[in-house]
Amino acid sequence: MSGTNSQDRLAINQDRLWVSLMALAEVGSYIDGRSGLRGVNRLALTDAEAEGRRLVIRWMREAGLRVRVDEFGNVYGRREGLLADAPPVLVGSHIDSVATAGAFDGCLGVLGGIEMARILNEHKVLTDHPIEVAFFTEEEGVRFGTDMLGSAVAAGRIPLDEALLRADVTGITVGAELERLGFRGTAPARLAAPHAYVECHIEQGPVLSAAGRELGVVTGVQAISWQELTLFGKSAHAGTTPMELRHDAGLAAAMITLKLHEMVDSGKYGDLRVTVGRNDTYPNLINIVPARVVCTVDLRNPSETYMQAAEEELRRYLEVVTAKTGVQITPKQTAKTPPVEFHDDVENVISEEIDTVGLSQMRLLSGAGHDAGEITALCPTAMVFVPGEYDGISHNPREYSTPEACANGINILTAVVRRLAAKDSL
Ligand code: HGY
Ligand code: MN
Ligand code: MN
């Protein structure tokens, strides 16, 4: 297949896309106390995210998309094709955010898909395959504890009933929130295999900008392993309690954090990345030995073999910590996904379309998890990355990509979708 020839190449409306990104970023926005920057806090199935959902659904309908909501709150906007019964080419991402987000993570892929639909309408372009634009429930996993939850249900990796029962730290379940917010839809949550899936996303890291490349062709996603560790120590007076009588949960947490970074430094676990992002200490007071700590371990690795070796080393080390500190440890695996490889033929279409317009590119593995990592189980899948500024900082109000870079990404998405939506494209 060769690239779309220039005379029928479409250019999306860059300003309209940017305005929609900034308008959605207002929903759930807050002023970050330290930086004074406007951030986004739109956790899955909160009132703010529901407001964002309604806004995006309005935009979908205004773009002529027929909207359906599935049993898990995943939302799809459909644009009919000439082959009515053919499986759709699906694009999308998520609009839920972490608590300290910027304007682009997930939103670019969803709002870019809607802008693609607008421009196809304006140019009266009909495709053979239908096209669908989706956003999935709880991609971030920061409220209900496991990432890519909605797309994992759609792809069949996580059973719907199990996912509906997942609860946040206050005990509120996904199912209850979907009912409360009116997003417990009726369309089947298990997604029929699309013809192909393409997701455009901000890179969220420094690779593209460091290499001076304008776009990324994403070859896959690295392995992800999340654990929640509950460390049961013993509360004690910080002054009167001799050191040898203590069961200090704070010490146990510190030992685990240090061990994880020593594992990285050892070089024995390949390109292992470790983060102890959450570290809740109880009672968290200066003159009381910590009685309990709940902390999280986020491991990432391009290699499943190294990932499993790291998980096994950590499991063994928890026993060492208990022996040394007397702190009992209950680990709970909250997310685990192997590395996934995307599909060469979709990657090649993306790469050819980038070449056709003369933009620079590189192939790269995604450091972050994405819904594409789930949907790839259903159909030929790949992603387009746009570079982030400021070393690609993300999950932070400073997350930023330029209007031009966002338009580049969605112009390529549009060209790729048009090719994939042609009969016999794959
Ligand atoms: O955690 C991740 O990699 C993604 O942002 N959900
Ligand atoms: Mn994302
Ligand atoms: Mn994210």
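The values are calculated or read from the model by the stated rules, or taken from the named source; none is laboratory data. Quick caveat, the model's predicted, so the values are computed rather than measured. Cβ: placed from backbone, ideal geometry, glycine included. Neighbour counts: every protein chain shown.
Brief remarks follow.
- Pro290 being over 13 Å from Val321 (Cα atoms), outside the structural domain of Leu149 (by TED's automatic domain parsing), buried (at least 20 other Cβ atoms within 10 Å of the Cβ) and touching a strand residue (DSSP E or B) at 6+ places or on another chain (Cβ under 9 Å): yes
- Taking strands (runs of 3 or more DSSP E) as the structural unit, those lying wholly within region 318-426 and holding at least 2 residues that are touching an Asp or Glu at 6+ places or on another chain (Cβ under 6 Å) and either modelled with pLDDT of 95 or more or surrounded by fewer than 19 Cβ atoms within 10 Å (Cβ to Cβ) (or both) correspond to 328-337, 381-386.
- Unique match (being farther than 30 Å from Arg78 by Cα and at pLDDT 95 or above) among Tyr197, Tyr282: Tyr282
- Residues located in region 68-86, provided they are part of a loop (DSSP other than H, G, I, E, B) and either within 11 Å of ligand 2 (Cβ to nearest atom) or of a type in the set (A, V, I, L, M, F, W, C) (or both): Phe72, Leu82, Leu83, Ala84, Ala86
- Filtered residues of region 272-292 (kept if under 19 Å from His261 (Cα atoms) and part of a strand (DSSP E or B)): Arg273, Val274, Thr275, Asn279
- Top-ranked residue of region 221-271 - restricted to ones that are among the polar types (S, T, N, Q) and in a helix (DSSP H, G or I), ranked as surrounded by the most Cβ atoms within 10 Å (Cβ to Cβ): Thr257
- Test: residue in region 74-84 that is farther than 30 Å from Tyr390 by Cβ, at pLDDT below 95 and either of a type in the set (Gly, Ala, Ser) or out of contact with any His (no Cβ under 7 Å at 6 or more places or on another chain) (or both): yes
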